[in-house]
Amino acid sequence: MNEYLPGLAGVPATQSNISDIDGENGILFYRGYPIEELAEYSSFEETSRLLLDGRLPTAAELADFTCQLNENRRIKFHTRGMMKNLPASGHPMEMLQTVVASLGMFYPGSDCLTGGDACRDLDYIHNTTVKIMARLPCIVTMWEHIRNGYDPIEPRTDLGYAENFLYMLNGKEPDPLLAEIMDVCLILHAEHTINASTFAVLVNASTLANPYTVMAAAIGALSGPLHGGANQRVLEMLKEIGTPDKAEEYVDKKLANKEVIWGMGHREYKTKDPRATILQGLMDKFMAARGGDLNPMFEVAKAVEAVCEDRLAKKGVYANVDFYSGLLYSEMGIPADQFTTIFAIARSAGWLAHWREQLSDNRIFRPTQVYTGEPRRSYVPISKR
Ligand code: COA
């Protein structure tokens, strides 16, 4: 096949049984379960196990996995020392990529992946999965304190995944509703077929690189504004618009200049992203719990969405997951430049599921290209140019 499709749009890069998107109808499934049901009934720990293993865990398996995640939260002081030496002005995604990449030096052992059957050391694969998933939220929250000049808050082993994240961020046990909302946010962001960052996982995994390098590559891809970085841009955009009555003028000006509206559009969905609908509902729930005290940015967001629906629906462009997530996180007091790190924490479950799937039937990625350069020619000595 020599046809070049920019962005590999519509080109299958792999076979996978982890998640599936019905883009026409706006439905997302993890291992066959609709995201709405997982958001309603599951927890991030359970959903992660589902993504990793392909089936819902038994009560004993879930308790065991949760315990392993809780017990693996401590961060070595060498890692903390390294974080203390990073520039506080750096973006948290840059910090996360750097620190995660360095973990491979602290936790060697990926040599067991080489050989005929890359997937044979299941203990290494499982233990590494737990190490990465358990540590990511700790690295992110520790950085928040370190970059502000404070010692980080130690993790607790008696709190759930979302609870411990909020505890380490704020230094106090979170309100149960906030922990529940964060848990749902993590579920919604845990997996999403073969997007740019997951493709980065596949490519890096296929070389049998160590899994921390694989994760670091994915974090780098996620950091871009066309991918995970959009949630931060959405909030900045809403603040720039300021009030709902300015939404129409702003959107029209952006479209006239051929600029994108952040948080709108998706390669796969031709209708509203189901995760955006769930997040919007969580926002309503959060506001109701606060006695209807409405964040003015929420009104601006609704106005932007209405204008975009009018102008962009004909192109199949609707609100995506990033449109409401940042708004929700900012309501929880989380700084805007940390929004994408939360995305990375959640997506680690999906990335690791794809890492395992790739290893189970591996062939190194080596695509081809359509050459558009000069025809063959001979070297010209510098004196004759
Ligand atoms: N704002 C305005 N127009 C948009 C748009 C947006 N956010 N997203 C897509 N469009 C328009 C494109 O300009 C294009 O119009 P055209 O046919 O007149 O040229 C059309 O819709 C198709 O979009 P295309 O760029 O081909 O989609 P894609 O699949 O290549 O890109 C995204 C998908 C996500 C990169 C793109 O929608 C985007 O940049 N969105 C904003 C960033 C974002 O929110 N990213 C998070 C994704 S979860």
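The values are calculated or read from the model by the stated rules, or taken from the named source; none is laboratory data. These figures come from a predicted structure and were not determined experimentally. Don't worry about glycine lacking a Cβ; one is built from the backbone with ideal geometry, like all the others, and counts go over all protein chains shown.
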Worksheet item: In this structure, is THR193 at pLDDT 95 or above and within 15 Å of the ligand (Cβ to nearest atom)?
Response: yes
Worksheet, complete the sentence: When restricted to GLU191, GLU236, the only residue over 21 Å from VAL99 (Cβ atoms), in contact (Cβ under 8 Å) with a residue 40 or more places away in the chain and surrounded by fewer than 19 Cβ atoms within 10 Å (Cβ to Cβ) is GLU236
Discussion item. Checking LEU188 against (1) within 13 Å of the ligand (Cβ to nearest atom); (2) over 14 Å from ASN320 (Cβ atoms); (3) not basic (Lys, Arg): exactly one of these is not met. Which one?
Written reply: (2)
Response to the item:
Among (1) modelled with pLDDT of 95 or more; (2) away from the ligand (no atom under 11 Å from the Cβ); (3) more than 19 Å from ASN25 (Cα to Cα), ASN257 falls short only on (2)
Discussion item. Here is a list: ALA218, ALA230, ALA247. Which entry is among the aliphatic types (A, V, I, L, M) and within 11 Å of the ligand (Cβ to nearest atom)?
Written reply: ALA230
Discussion item. The conditions are (1) more than 8 Å from the ligand (Cβ to nearest atom); (2) at pLDDT below 95, and ARG275 fails exactly one of them. Which is it?
Written reply: (2)
Discussion item. Take the conditions of a type in the set (S, T, N, Q), buried (at least 21 other Cβ atoms within 10 Å of the Cβ) and near the ligand (Cβ under 10 Å from one of its atoms) and apply them to ASN204. Does it pass?
Written reply: no
Discussion item. Condition first: closer than 17 Å to ILE187 by Cβ and in a helix (DSSP H, G or I). Now tell me which residues in the stretch 48-80 satisfy that.
Written reply: SER48, ARG49, LEU50, LEU51, LEU52, ASP53, LEU62, PHE65, THR66, LEU69
Item to complete: Identify, by number, the condition in (1) within 16 Å of the ligand (Cβ to nearest atom); (2) assigned to a helix (DSSP H, G or I) that GLU24 doesn't meet.
Response: (2)
Worksheet item: Looking at (1) among the acidic types (Asp, Glu); (2) out of contact with any helix residue (DSSP H, G or I) (no Cβ under 9 Å at 6 or more places or on another chain); (3) more than 16 Å from the ligand (Cβ to nearest atom), which is the only condition GLU309 fails?
Response: (3)
Worksheet entry | Residue that is in a loop (DSSP other than H, G, I, E, B), more than 9 Å from the ligand (Cβ to nearest atom) and either more than 25 Å from ASP183 (Cβ to Cβ) or not assigned by TED's automatic domain parsing to the domain that holds PHE343 (or both), where the choices are GLY281, GLY291 | GLY291
